[in-house]
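Below: the structure, in structure tokens.
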Amino acid sequence: MDNKNNFTKSEVLPDNIVRRYQVETTSKYTIAGRPLFETSSKIKMSIVCSEIVGNHYLLDIRILSQANNYGLEFLERKYIDLLDKVNDIQSHLLVSMDLGGKLKDILNFSELHEKWESIKADITDPSAEISKIISDGDQQYTHGSQSFAEELNKTTLYKTLGMGLLSFDGIRKEDDKTFPYNTSSLLFPQINKKVSIALDDIVYFSDTPSYLLIFKNKHSREDSEVKSEFIKNFPFLKKQMGEYKYDLFCSVERDNKSRWPNSIELTISEVLEPIVSDVACKIELIKENL
């Protein structure tokens, strides 16, 4: 399912204005109602769109501050500090994003790779926890810029930001106002999902210069690939495997003039009983800093 034909005209203006946003994300994973882990983050970030080249936004994204809860309270402080240091590698990204809200390339990837190699060179701890962090870092930072962009597209932050920057020009002309959307499974992120998204409503406000877009997935269907991965990872739960559901809801408030989002709220729930994964993200413009 290729969505490039639906997104051919930019709505967001490349005005070089620095916009600052407050971001809050949560992610929960439960089995049979029992929490397996929960993570959260609070971020302040800035975004600048300098130009549009070949149906791609060129964005300068900076993480100004962040606080992460990795859901790993059992880890020693030194491991948490290392995770924070690795996360800081992504504090400045120059990205190319298509009009369908997908990152296509990371233009300053060589800088990120150098930062990762510098961090890795200083690591002397041979523990299993550190080895896992190194393995994950190598997976991200040693396979090239486009591969790294694909990994970022799986994260809640960039899924949400991408939804907020979608161009709906082509969608409004369709009778059913639906479009194909390629994303990743929450339960098993290595699996790509093809979801049908509907532009459910557009609300125009009379008391504020903005409008609201509401969209959600049109339907969820059985996913044999997710079920196969479930059986592979949880063979002891095979007999308990039940109904599969995937639900996505997103609201985007946009400024009438610039078309830039004032706020983006995304929630996704993926269920293959008895396993449930829920994510939520809210990105909100810090207006006083404009």
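Taking the condition of being hydrophobic (A, V, I, L, M, F, W, C) and within 25 Å of Ser131 (Cβ to Cβ), how many residues in the range 48-80 meet it?
Residues in the range 48-80 being hydrophobic (A, V, I, L, M, F, W, C) and within 25 Å of Ser131 (Cβ to Cβ): 4 in total.
For the range 32-45, name all the residues that are modelled with pLDDT under 95 and over 17 Å from Pro189 (Cβ atoms).
Selection gives Ala32, Gly33, Arg34, Pro35.
Return a yes/no flag: does the range 123-143 have any residue that is touching a strand residue (DSSP E or B) at 6+ places or on another chain (Cβ under 7 Å) and either at pLDDT 90 or above or not in a loop (DSSP other than H, G, I, E, B) (or both).
The answer is no, given that none of the residues of the range 123-143 is touching a strand residue (DSSP E or B) at 6+ places or on another chain (Cβ under 7 Å) and either at pLDDT 90 or above or not in a loop (DSSP other than H, G, I, E, B) (or both).
Go over the candidates Asn68, Asn16 one by one and state the one that is of a type outside the set (Phe, Trp, Tyr) and either farther than 30 Å from Ile275 by Cα or touching a residue at least 40 places away in the same chain (Cβ under 8 Å) (or both).
Result: Asn16 is the single residue among Asn68, Asn16 that is of a type outside the set (Phe, Trp, Tyr) and either farther than 30 Å from Ile275 by Cα or touching a residue at least 40 places away in the same chain (Cβ under 8 Å) (or both).
So how many residues does the range 276-290 have that are assigned to a strand (DSSP E or B) and closer than 24 Å to Val203 by Cβ?
Within the range 276-290, residues that are assigned to a strand (DSSP E or B) and closer than 24 Å to Val203 by Cβ number 6.
Of the conditions (1) of a type in the set (Asp, Glu); (2) out of contact with any Phe, Trp or Tyr (no Cβ under 7 Å at 6 or more places or on another chain); (3) crowded, with 18+ Cβ neighbours inside 10 Å; (4) within 16 Å of Ser277 (Cα to Cα), Asp223 clears all except one; give me its number.
(2)
Kindly indicate the residue of the range 192-220 that is assigned to a loop (DSSP other than H, G, I, E, B) and in contact (Cβ under 8 Å) with a residue 12 or more places away in the chain and also surrounded by the most Cβ atoms within 10 Å (Cβ to Cβ) among those meeting that condition.
Within the range 192-220, the match that is surrounded by the most Cβ atoms within 10 Å (Cβ to Cβ) is Ser220.
Yes or no: the range 12-20 includes at least one residue that is in a strand (DSSP E or B), modelled with pLDDT of 95 or more and closer than 30 Å to Lys177 by Cα.
Within the range 12-20 (the criterion being in a strand (DSSP E or B), modelled with pLDDT of 95 or more and closer than 30 Å to Lys177 by Cα), the answer is yes, since at least one residue qualifies.
I'd like the residue in the range 172-191 that is part of a loop (DSSP other than H, G, I, E, B) and over 18 Å from the mean Cα position of the chain (by Cα) and, out of all such residues, is modelled with the highest pLDDT.
Ranking the qualifying residues of the range 172-191, first place goes to Lys177.
Just name the residue that is nearest to Leu161 (Cα to Cα) out of those in the range 255-290 that are surrounded by fewer than 15 Cβ atoms within 10 Å (Cβ to Cβ) and either in contact with a His (Cβ under 8 Å, 6 or more places away or on another chain) or not acidic (Asp, Glu) (or both).
So, considering only residues that are surrounded by fewer than 15 Cβ atoms within 10 Å (Cβ to Cβ) and either in contact with a His (Cβ under 8 Å, 6 or more places away or on another chain) or not acidic (Asp, Glu) (or both), the one nearest to Leu161 (Cα to Cα) is Ile286.
Under 7 Å between Cβ atoms, at least 6 apart or on separate chains: pull out the pairs that start in the range 71-97 with a residue that is in contact (Cβ under 8 Å) with a residue 24 or more places away in the chain and more than 23 Å from Asn153 (Cβ to Cβ) and end on any residue that is charged (D, E, K, R) and in a helix (DSSP H, G or I).
Leu75/Glu129; Tyr79/Glu129
Scanning the range 238-275 for residues that are touching a Gly at 6+ places or on another chain (Cβ under 8 Å) and not in a strand (DSSP E or B), which turns out nearest to Thr30 (Cα to Cα)?
Pro274
Has the range 115-123 got any residue that is out of contact with any helix residue (DSSP H, G or I) (no Cβ under 8 Å at 6 or more places or on another chain) and either buried (at least 16 other Cβ atoms within 10 Å of the Cβ) or within 28 Å of Glu24 (Cα to Cα) (or both)?
No, that holds for no residue.
The values are calculated or read from the model by the stated rules, or taken from the named source; none is laboratory data. In this text the structure is predicted, and so the values were computed from the model without any measurement. Glycine gets a Cβ as well: all are built from the backbone with ideal geometry, and neighbour counts include every protein chain shown.
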